[in-house]
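Have a look at this one.
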Amino acid sequence: MMPPVADKEAFNTHLARFYAAWKKASAESPLGKADAIVIAVGVDEDIVYSKSTGLQTWLFGYELTDTIIVLCEKHVYFLASKKKIDFIRQVDTGEMDSEIPPLKYLPRDKADKDKANYKKIIEAIKASKKGKCIGEFSKDKFPGEFVENWRSVLSSSGLDKADITLSVALLMAPKDESEIKTIKKACQATVDLYSKYLKEQLIEIIDKDKKVKHSKLADQVEEALHNKKYVPGLDNTRLDMCFPPIIQSGGNYTLKFSIVSDKNPIHFGAIVCMIGTRYKSYCSNIVRTLLIDPTEEMQKNYEILLKAEEVVIEKLRDGTKLSEVYNSAVATVKEEKPELVEKLTKSAGFGTGIEFREGSLLIAGKTNVTVRKGMVFNVSIGMSDLENNSAKEDEGKKYALFIGDTAIVNEDGSATVLTNLKKKVKHISIFLKDEEDEEEEEEETKEPEILDHSQRSTKAILQSRTRTEMSTEEKRQAHQKELAQRINQEARERMKGLGTGNKERKDRKVSISYKTMSQMAKEPEIKELKLYVDRKYETVILPIFGATAPFHISTIKNISQSVEGDYTYLRINFFHPGATVARNEGGVFPEPEATFLKEITYRSSNTKEPGEISAPSSNLNTAFRIIKEVQKKYKTREAEEREKEDLVKQDTLVVNPNRGNPKLKDLYIRPNIVSRRISGTLEAHTNGFRFTSVRGDKVDVLYNNISHAFFQPCDGEMIILLHFHLKHDILFGKKKHKDVQFYTEVGEITTDLGKHQHLHDRDDLRAEQAERELRHKLKSAFKSFCEKVETITKGEVEFDTPFRELGFQGAPYRSTVLLQPTSGCLVNLVEWPPFVVSLDEVQLVHFERVQFHLKNFDMVFVFKDYSKKTAMINAIPMNQLDHVKEWLNSCDIRYTEGIQSLNWTKIMKTILDDPEGFFDNGGWSFLDPESDSEDVDENDEDDEDEVYTPSELDSEEESESEDSEESNWSAEEESDEVDEDDLGSSEESGKDWDELEEEARRADAEEVDVAPAPKKKKHGTSHHSSQNSSSRHGSSGRHGSSGRHSSSSRHASNSSNRKRHHSSSPRDDRKKRRR
């Protein structure tokens, strides 16, 4: 394990605040009387909360046992072991606040039992101010030889003592930003633990009529705290319970946080639940009461109590006295129901923070402390000894109500609740309904469900769960319908005022060879009308009709050289309007109406004349070579400039010269700085990270440019890594990158299969043990690095760890990888390139190719920024579909599914071209499978002439099926198929064969009598169809020598086949014949 890291910023800020308050304290106050402050902490195994350890945590972020801290006027003394002294030295940076005096360190000397150290401290106390009185926490009496020896020395020194507990409590009560952020995380953990585990367990217990003891359920809740399934996104090693969870029911209620849950079974009446969690030593709490089958009076009493709690939260304002807050709650209850006042708890909560219960900040009638901004309170108010005379069981005759939340005081307005969990009567009530009542409500044809475990069936009315026992899929669909309405509304609001998707067309960059004639080269080759390449100005000077003309290298598209007989040919092609331009070669020409040279070819002899040094074609050879070189150089430079075009200018990294900066050595960077990978060191500085390779390359990643930071341990992987997904691209290795990763290998990625393996080979066992140790060592080092960075950045950079147990296989790029969700993203970081999708940016997810006969399906992410290209994951196993749906639903992300693959480029372009029209036509509802089925039903009911227009995929499949059917069916089989149609129709309508024959005969007679002409019309239609059919299939080569007549007959066969699929009864056939 890496050594703990002291919080330098907290020490500097808090100790400076302490000294400032000490100076300003009045002479009558205990803090003002004190000439020195003594904080002595011994072995605190049994002491959970104390002011001494709380002050240590406030200063350092950790508790230090067997340590004495003495605050004097001109020095701060620390008496502790050498290891603790080294820990404390981390805060001594030399850049501390001017209010803080120099720090002095006294390592413990066990040889003389610290007598010399005690003497130095006593002398320092007597030299501080008047040297007569020390400030201490009188209630803190720690055991242990070290502290007892100190107390005996102190008592014999003749110094007076003043209890500064209240003064320090008021000083520590207002929380700064970093403390508030930590408390919010603790509150979220408490809410998650209650809503995701305890409430669900209670509902299941009630549902199945289980007999579970209060103490057993409380133990299970404590175990669930460290399960990432219930409390995700936090470091479990820094999580703890403020107190053992308290669950009470069955008439035995004590509305205090100092008791433990008894061993009685849970009674289905009023169930009081109290849960509090600590994160990084900062506390939070929530109290809820579940009511099973509450009477009208119980519900009314609960509403009065809830109103009283709301009054307390409303009155917790900056400048208000705590006694006024409590009296307001009492007045509210008295106004609603006076007889309940005596049932109220004697307080409505207390201040909380590092200590769970700050006794000096009690919300009670006699507390005259003034509320200040930043104070955090555990607001908890209840009523006990209430009677329910209508209860059938003795345990339900008496009940209690208790509600509690953690709230923070604001500068203006009422306090803000941090444990924001719904608590109205309808949210906490569960109604049980007897089986007999159920039978009356059910239809007579339905048999009542028999429950073996009880003679009743419960009906729990809760917002999150109803006793109608909706299936998981039904719950998801209900939630998805809510999300569908929401995303259309949000997207419409977001797209208001957005222009069309047409972007400004970028003109092609115009490069000028020479600004003046004086710059043009004066080489002899130019005068001799030879080709000349001016490297300085990147220009090719060409002789054209006896004159020289310069062409910049950027105007040349490509060149080619060939030798034919005695001549060498050099062909030069130029860019011009109408020519296909490469993606990176620029855009539209600024003057497309101008005259452009398209191509030019030069020919030169390979024959060397007498007296010539070289053949004339050597000029073309030299020009060809140099043009290629200059063109390559120019394109490389242009590519680099294009990479820099969209770059956002970053702040300059502020390098911290302190050697104690968080640092990780021997890491590799991805993507590589050069072609091969290079190791280096990652170091955290004041405002960013710097990676320095072994050859001196530097890559800076600033904290304010990090969108997501990930730490993926080596569990189940061969590498351990830190990954940064950036807000804006950074440039290194001559390319832009939005993802930067630092990793190291933890084992052999490749295995020598030729090596002879033995099951119990000592070398192999030793290697496995060494690898396990290496994994543990690296995991600890990376984790410590992350914690240090989070501390020095005050939470600006928070590392998220993927949840491997929630992962699923998929192929975002070419290979199949394990995609793992985090608290806010879906990522794959091990394979390169990485895949990172931020869930905050996702509008909806669409599943493609969802069909039972397929093994895989695809997943498309549509982003809220419609101009951004959609992200796709291919080849996800079909058995993972429910798992993925459940995860998306829990993240409040809308999903849809379909059987086809869609052209998302065209879809997004259509939306951007007319966003208002898109949302007027239903928005994203076109992806719902329900809307497709409705369309199909409507088409079935319409006339046959109205043909449904399929997508490209459908049309291809239909044409293939038609071709195959036309090649297999003959005219003789056509009549049989018509009979089969009639047979299928008759079976559907329930009529026998004779009735169908009679109906068909009558219909033919009516058709002859009423309209003799349709035969001609019908023939015309058939001729038209045959032409279409022959024109469509004639070129396919499948019909051989068959003429138009055979094509027409095949078309008729297919027509009857299509009629068979669309018709539902003989009556429909008669309607079609009449038409």
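Only residues that are open to solvent by 10 Å² or more (accessible area, probe 1.4 Å) and not in a strand (DSSP E or B): list them for segment 279-291, please.
LYS280, SER281 - these are the residues of segment 279-291 that are open to solvent by 10 Å² or more (accessible area, probe 1.4 Å) and not in a strand (DSSP E or B).
Quick check on VAL830: is it under 23 Å from HIS737 (Cα atoms) and open to solvent by less than 20 Å² (accessible area, probe 1.4 Å)?
Numbers: under 23 Å from HIS737 (Cα atoms): yes; open to solvent by less than 20 Å² (accessible area, probe 1.4 Å): no.
Here the answer is no, as VAL830 does not meet what is asked.
On to the next question. Looking at (1) in contact with a Phe, Trp or Tyr (Cβ under 9 Å, 6 or more places away or on another chain); (2) surrounded by 17 or more Cβ atoms within 10 Å (Cβ to Cβ), find the lone condition where PHE863 falls short.
Checking PHE863 against (1) in contact with a Phe, Trp or Tyr (Cβ under 9 Å, 6 or more places away or on another chain); (2) surrounded by 17 or more Cβ atoms within 10 Å (Cβ to Cβ), the one that fails is (1).
Look through VAL91, VAL43, VAL76, VAL48 and report the one residue that is over 26 Å from SER178 (Cα atoms) and aliphatic (A, V, I, L, M). Quick ask: steps written out before the conclusion?
Details: VAL91 fails: over 26 Å from SER178 (Cα atoms); VAL76 fails: over 26 Å from SER178 (Cα atoms); VAL48 fails: over 26 Å from SER178 (Cα atoms).
Of VAL91, VAL43, VAL76, VAL48, the one residue that is over 26 Å from SER178 (Cα atoms) and aliphatic (A, V, I, L, M) is VAL43.
Suppose the filter is over 14 Å from the mean Cα position of the chain (by Cα), closer than 17 Å to ILE876 by Cβ and open to solvent by 30 Å² or more (accessible area, probe 1.4 Å); does GLU848 pass it?
So GLU848 does not fit the description; no.
Looking at segment 313-320, is at least one residue touching a residue at least 24 places away in the same chain (Cβ under 8 Å), part of a helix (DSSP H, G or I) and over 21 Å from MET274 (Cβ atoms)?
So the first thing to find is which residues in segment 313-320 are touching a residue at least 24 places away in the same chain (Cβ under 8 Å), and the list is 313-320.
Those still in the list that are part of a helix (DSSP H, G or I) too: 313-315.
Checking the rest, the ones that are also over 21 Å from MET274 (Cβ atoms) come to 314-315.
Yes; the residues of segment 313-320 include at least one that is touching a residue at least 24 places away in the same chain (Cβ under 8 Å), part of a helix (DSSP H, G or I) and over 21 Å from MET274 (Cβ atoms).
Looking at (1) farther than 28 Å from ALA169 by Cβ; (2) outside any helix (DSSP H, G or I); (3) open to solvent by 40 Å² or more (accessible area, probe 1.4 Å), find the lone condition where PRO294 falls short.
(3)
Picking from LYS433, LYS343, LYS422, which residue would you name as being open to solvent by 40 Å² or more (accessible area, probe 1.4 Å) and at pLDDT 90 or above?
Answer to the selection: LYS343.
Could you identify the single residue in HIS737, HIS708, HIS728 that is in a strand (DSSP E or B) and touching a His at 6+ places or on another chain (Cβ under 7 Å)? Please lay out each step first, then the result.
Details: HIS737 fails: touching a His at 6+ places or on another chain (Cβ under 7 Å); HIS728 fails: touching a His at 6+ places or on another chain (Cβ under 7 Å).
When all the criteria are applied, what remains is HIS708.
Conditions tested, residue by residue: (1) within 30 Å of GLN90 (Cα to Cα); (2) open to solvent by 50 Å² or more (accessible area, probe 1.4 Å); (3) part of a strand (DSSP E or B).
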site: ASN619; (1), (2), (3): no, no, no
site: ARG625; (1), (2), (3): no, yes, no
site: LYS628; (1), (2), (3): no, yes, no
site: TYR634; (1), (2), (3): no, no, no
site: GLN650; (1), (2), (3): no, yes, no
site: ASP666; (1), (2), (3): yes, yes, yes
site: ILE673; (1), (2), (3): no, no, no
site: GLY680; (1), (2), (3): yes, no, yes
site: ARG690; (1), (2), (3): yes, yes, yes
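Return yes when VAL379 is buried (at least 20 other Cβ atoms within 10 Å of the Cβ), modelled with pLDDT of 90 or more, touching an Asp or Glu at 6+ places or on another chain (Cβ under 7 Å) and closer than 23 Å to ALA331 by Cβ and no when it is not.
yes
Quick check, is GLY32 open to solvent by less than 30 Å² (accessible area, probe 1.4 Å) and at positive phi? Write out each step before concluding.
Working: open to solvent by less than 30 Å² (accessible area, probe 1.4 Å): yes; at positive phi: no.
Taking the combined requirement at face value, the residue does not satisfy it.
Based on this model, can you work out whether VAL655 counts as open to solvent by less than 90 Å² (accessible area, probe 1.4 Å), touching a Ser or Thr at 6+ places or on another chain (Cβ under 9 Å) and within 25 Å of ASN704 (Cα to Cα)? Steps first, answer last, please.
Working: open to solvent by less than 90 Å² (accessible area, probe 1.4 Å): yes; touching a Ser or Thr at 6+ places or on another chain (Cβ under 9 Å): yes; within 25 Å of ASN704 (Cα to Cα): yes.
Considered against the rule, which asks whether it is open to solvent by less than 90 Å² (accessible area, probe 1.4 Å), touching a Ser or Thr at 6+ places or on another chain (Cβ under 9 Å) and within 25 Å of ASN704 (Cα to Cα), VAL655 comes out as yes.
Another question, if that's okay. Can you name every residue in segment 904-915 that is of a type outside the set (S, T, N, Q), open to solvent by 80 Å² or more (accessible area, probe 1.4 Å) and farther than 21 Å from MET859 by Cβ?
Start the filter on segment 904-915 by keeping residues that are of a type outside the set (S, T, N, Q), which leaves 904, 906-909, 911-915.
Imposing the further condition that a residue be open to solvent by 80 Å² or more (accessible area, probe 1.4 Å) reduces the set to 906, 909, 914.
Once the filter is applied, which keeps residues that are of a type outside the set (S, T, N, Q), open to solvent by 80 Å² or more (accessible area, probe 1.4 Å) and farther than 21 Å from MET859 by Cβ, segment 904-915 yields LYS909, ASP914.
Kindly indicate which of LYS161, LYS216, LYS184 is under 21 Å from GLY54 (Cβ atoms), part of a helix (DSSP H, G or I) and basic (Lys, Arg). Reasoning before the result, please.
Working: LYS161 fails: part of a helix (DSSP H, G or I); LYS216 fails: under 21 Å from GLY54 (Cβ atoms).
The match here is LYS184.
Moving on. Among the residues that make up segment 322-335, is at least one of them free of Cβ contacts under 8 Å to residues at least 12 places away in the same chain, open to solvent by 80 Å² or more (accessible area, probe 1.4 Å), over 21 Å from GLY413 (Cα atoms) and part of a helix (DSSP H, G or I)?
Scanning segment 322-335, I find at least one residue that is free of Cβ contacts under 8 Å to residues at least 12 places away in the same chain, open to solvent by 80 Å² or more (accessible area, probe 1.4 Å), over 21 Å from GLY413 (Cα atoms) and part of a helix (DSSP H, G or I), so the answer is yes.
Filter segment 866-889 down to the residues that are open to solvent by 30 Å² or more (accessible area, probe 1.4 Å) and assigned to a helix (DSSP H, G or I), then identify the one that is nearest to LEU902 (Cα to Cα).
My answer is MET878.
Just the residues that are under 18 Å from GLY131 (Cα atoms), touching a Lys or Arg at 6+ places or on another chain (Cβ under 9 Å) and open to solvent by 10 Å² or more (accessible area, probe 1.4 Å), please, taken from segment 39-75.
Within segment 39-75, GLU73, HIS75 meet the criteria.
Quick check, is LYS229 over 25 Å from VAL376 (Cβ atoms) and in a loop (DSSP other than H, G, I, E, B)? Steps first, answer last, please.
On the way: over 25 Å from VAL376 (Cβ atoms): yes; in a loop (DSSP other than H, G, I, E, B): yes.
Taking the combined requirement at face value, the residue satisfies it.
So is THR65 in contact (Cβ under 8 Å) with a residue 24 or more places away in the chain and farther than 15 Å from ILE39 by Cβ or not? First the steps, then the outcome.
On the way: in contact (Cβ under 8 Å) with a residue 24 or more places away in the chain: yes; farther than 15 Å from ILE39 by Cβ: no.
Here the answer is no, as THR65 does not meet what is asked.
Do any strands (runs of 3 or more DSSP E) entirely within segment 482-568 hold 1 or more residues that are open to solvent by 90 Å² or more (accessible area, probe 1.4 Å), touching a strand residue (DSSP E or B) at 6+ places or on another chain (Cβ under 9 Å) and modelled with pLDDT of 80 or more, and if so, which?
On the way: elements: 532-534, 539-544, 547-552, 556-564.
Counting at least 1 such residues, we get 556-564.
Identify all residues within segment 117-133 that are more than 15 Å from LYS104 (Cα to Cα) and hydrophobic (A, V, I, L, M, F, W, C); write none if there are none. Before the answer, list the steps.
Applying the first criterion (more than 15 Å from LYS104 (Cα to Cα)) to segment 117-133 yields 126, 129-133.
Passing the criteria: only CYS133.
Another one. Would you mind telling me which numbered condition in (1) within 30 Å of VAL168 (Cβ to Cβ); (2) assigned to a loop (DSSP other than H, G, I, E, B); (3) open to solvent by 10 Å² or more (accessible area, probe 1.4 Å) SER261 fails?
Every condition holds for SER261 apart from (1).
The values are calculated or read from the model by the stated rules, or taken from the named source; none is laboratory data. In this text, all values refer to a predicted model and were calculated from it rather than measured experimentally. Cβ: placed from backbone, ideal geometry, glycine included. Neighbour counts: every protein chain shown. Just the protein is used for accessible areas: all its heavy atoms, side chains included, with ligands, DNA and RNA removed. Shrake-Rupley method; radii C 1.70, N 1.55, O 1.52, S 1.80 Å.
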